[in-house]
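Remarks on the structure that follows.
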Amino acid sequence: FPVTILKKASKKQPSSVFVNGIKLPHTNLHLNNITPLTDNQQRAFDSFYQGRNMLLHGLAGTGKTFMSLYLGLDSVMKKSSLHSSVVIVRSVVPTRDIGFLPGDEYDKIKTYEAPYRGICSELFGRDDAYEILKRYKVIDFITTSFIRGITINNAIVVVDECNNMNFHELDSIITRMGSNCQLLFCGDYRQADLSKQTERDGLKHSMKILEEMSCFDHIEFKEDDILRSDMVKQYIITKDKLGYENKVF
């Protein structure tokens, strides 16, 4: 992952899982300390702890989702936290392949939670961390298909892969925010899986709105922020150099 766990793996935060100031029983989860590695990652940390909403936009391999989930959990798990949960919002419609996945609707949606299971395993050093956090409603995962008609309160909301959301979906998410919510958008319009250009432009239009709002900080992650691997960094730089970055195939 592009944000590094401190080298001393045994040095963990002495914090257990709290929700609304109440310690949850039988969890025994301890969140590893994380340190930012680039200037833009440090900006994201600073902005988050100042209570700002954020638009984290930019290239793959820069740690946008990893950071957002870590920061949200780090905040929610503190006894003095003002938030009761981390809500992950993701769209599953644009892939168009959900109907071909095995199982019922629950099983199909569960497939899209895999990245967050992996991140939580890394953050807590145990493979069942994500399921434990979900069981106690410290983490909630919802899709844009089911967000209409609800109001989200007292949560840190991570909107992941927002490049795969059309304007209507992004608009629906923002208008579902109730009291005491901190909103983190993660994505890159260049990585959209949407086939129609009008849908692909949804994030661009939303970004224009968010950039005009004083309650949002926009942090753009660039080539220097790519830390997933040297191969990923070289590939993205070469793709951009050859003019393939914004092409739709």
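Which part of region 30-57 falls in the paramagnetic zone of S121, meaning amide N under 18 Å from the point 7 Å along Cα-to-beta-carbon?
30-32
In whole Å, what are the Cα extents of region 108-174 along the three principal axes, biggest one first?
Principal extents (largest minus smallest coordinate, Cα): 37, 24, 20 Å.
For region 155-249, what is the largest minus smallest coordinate of the Cα atoms on each principal axis, given in angstrom and ordered from greatest to least?
Per principal axis, max minus min of the Cα coordinates gives 44, 29, 21 Å.
How would you order 34-47, 176-189, 139-152 from highest to lowest mean count of nearby Cβ atoms within 10 Å?
Working: 34-47: 17.6, 176-189: 19.4, 139-152: 15.4.
By packing density, highest mean first, the sequence is 176-189, 34-47, 139-152.
Just so you know, all these numbers are worked out from the coordinates, no wet-lab data involved. Note that the structure is a prediction, hence the values are computed from the model and not measured. No Cβ is skipped: glycine too gets one built from the backbone with ideal geometry, and neighbour counts run over all protein chains shown.
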